[in-house]
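See structure below.
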Amino acid sequence: MSRIAYVNGRYAPFADAAVHIEDRGYQFADGVYEVIAVRDGRLADLEPHLDRLDRSLSELRMETAMSRGALAVVLEEIVWRNRVANGIVYLQMTRGVARRDHAFPDDCRISIVVTARNAPPRPAAIVERGVRVVTVPDIRWKRCDIKSISLLPNILAKQKAKEAGAYEAWMVDEDDRVTEGSSTNAWIVDRAGDLITRHLDNAILAGVTRMAVGDLAMKQQRRLVERPFTLGEAEAASEAFLTSTTSSVTPVVQINDVQVGAGVPGPVTQALRNLYDAHLSGR
Ligand code: PMP
């Protein structure tokens with residue numbers, strides 16, 4: 001079955017789906033995106049994703065002509081047309097096509113691309129044994145709260161992790177504090193069993209998974225502390241994990257060469273993972 005993409009009002013086979021060479025996404029990375037999980041054919045946590053999209057657009061002064069309802073119809077249609085049961089939808093909006101000039105064009109129509117694909121189940125070892133992360137300096141700009149398609153530092157960080165045989169790179173700021181992963185939020189569990197993850201500000205993306213996991217933790221009467229934590233604290237934590245739409249709740253058992261806790265996925269992480277899984281399935 002050939003994959004179908006939505007491009008500016010049309011559904012087209014991948015081979016025919018294209019945007020203009022002067023699209024500002026292509027030339028300037030002048031755009032935003034969302035990745036939404038599909039579970040049993042249903043879009044998970046759609047509203048918070050669309051809320052974050054609206055915020056990213058408005059922070060970049062981009063106005064889309066598409067209503068939330070119309071966009072939701074396209075997202076569902078693309079899931080259906082691609083027969084996605086469990087996977088992801090990718091949605092990208094750029095400032096549109098215009099002659100290359102840094103300043104906003106006077107008259108521009110937002111370009112919209114939506115794709116979807118099934119995702120194979122993640123290897124059981126990731127959940128059962130946990131993963132290793134490496135650390136890299138956080139060299140990003142000061143608006144990491146915007147889900148921009150401009151991802152060069154994140155790409156370089158992930159490549160570093162890949163070359164080091166690690167699952168993810170955690171980015172560390174000038175004060176030795178972990179901000180987040182290249183495409184995930186970072187968490188630790190301290191010796192008292194409290195959850196710690198960096199507070200929301202311009203230094204990190206407000207992960208939809210982060211929010212869902214935080215809510216689930218609080219429902220379990222677990223204390224959630226939103227504050228920066230240092231690399232040293234993370235190394236001394238009893239558990240660590242990362243969250244994202246594509247990584248769900250993934251245990252972190254090693255940071256660089258330092259083992260975290262017992263070096264195996266901890267009970268708090270595992271409990272949260274199960275709760276999050278049930279949340280995604282709408283159970
Ligand atoms: N931080 C960054 C930098 C990301 O790219 C992502 C994934 N888009 C996340 C955190 C996690 O966000 P979410 O839980 O909404 O997927």
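The values are calculated or read from the model by the stated rules, or taken from the named source; none is laboratory data. Just so it is clear, the model here is predicted, and its values are computed rather than measured. Cβ sites come from the backbone with ideal geometry, for glycine too, and all protein chains shown count toward neighbours. Accessible surface areas use protein heavy atoms only, side chains included; no ligands, DNA or RNA. Shrake-Rupley method; radii C 1.70, N 1.55, O 1.52, S 1.80 Å.
Data for the structure
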| read-out | value |
| --- | --- |
| Options Ser67, Pro153, Met218, ranked by Cα towards positive dipole end of the chain, top entry (Cβ charges) | Ser67 |
| FRET efficiency, 1/(1 + (r/R0)^6) with R0 25 Å, evaluated for Val35 and Ser2 via beta carbons | 0.70 |
| Value at 222 nm in deg cm²/dmol, rounded to 500, when DSSP H runs of n ≥ 4 in the chain each add -39,500 (n - 2.57) | -8500 deg cm²/dmol |
| Cα Rg, Dmax (largest Cα-Cα span) when computed across the chain, Å | 19.3, 58 |
| Beta bridges by DSSP in region 124-280, antiparallel share as percent, to the nearest 5 | 65 |
| Over the chain, relative contact order from alpha-carbon pairs under 8 Å, at least 6 apart, % | 17 |
| Gain upon complete extension [Trp141, Thr230; 0.36 nm per residue less C-alpha separation] | 30.0 nm |
| Cα gyration tensor of region 126-218 - equivalent ellipsoid semi-axes, whole Å, descending | 21, 18, 13 |
| Paramagnetic reach from Ala192 in region 240-259 [backbone N under 13 Å; point 7 Å along Cα→Cβ] | none |
| Region 223-278: relative contact order in percent, alpha carbon pairs under 8 Å with at least 6 residues between | 30 |
| Set of lysines near Lys147 by C-alpha distance (under 19 Å), chain-local residues within fewer than 8 positions excluded | Lys158 |
| Phe14 versus Ala206: modelled label distance in nm, points set 7 Å from Cα along the beta carbon direction | 3.4 |
| Glu77-Ile149 FRET efficiency (beta carbon distance; Förster radius 22 Å; 0.05 resolution) | 0.45 |
| Separation of the Asn118 and Glu22 label points, Cα + 7 Å toward Cβ, nm | 4.2 |
| Exposure of Cys144 as accessible area (Å², to 10), given a probe of 1.4 Å and all protein chains | 10 |
| Rg/Rg_ref, region 4-118, where Rg_ref = 2.2 N^0.38 Å and atoms are Cα | 1.05 |
| Centroid-to-centroid separation of region 236-283 and region 1-16 [C-alpha atoms, Å] | 36 |
| Heavy-atom SASA rank of Lys219, Lys158, Lys147, Lys142 (probe 1.4 Å, accessible area, largest first) | Lys142, Lys219, Lys158, Lys147 |
| Considering only the chain, percent of DSSP beta bridges that pair antiparallel, nearest 5 | 80 |
| Long-range tail of P(r) for region 51-168 (Cα pairs > 23 Å, %) | 52 |
| Region 125-283 - percent relative contact order, Cα under 8 Å, separation 6 or more | 25 |
| GNM flexibility winner over the chain from Glu180, Glu233, Glu168 (Cα, springs under 10 Å) | Glu233 |
| Label-point gap, in nm, between Val258 and Asn274 - each point 7 angstrom along Cα→Cβ | 3.0 |
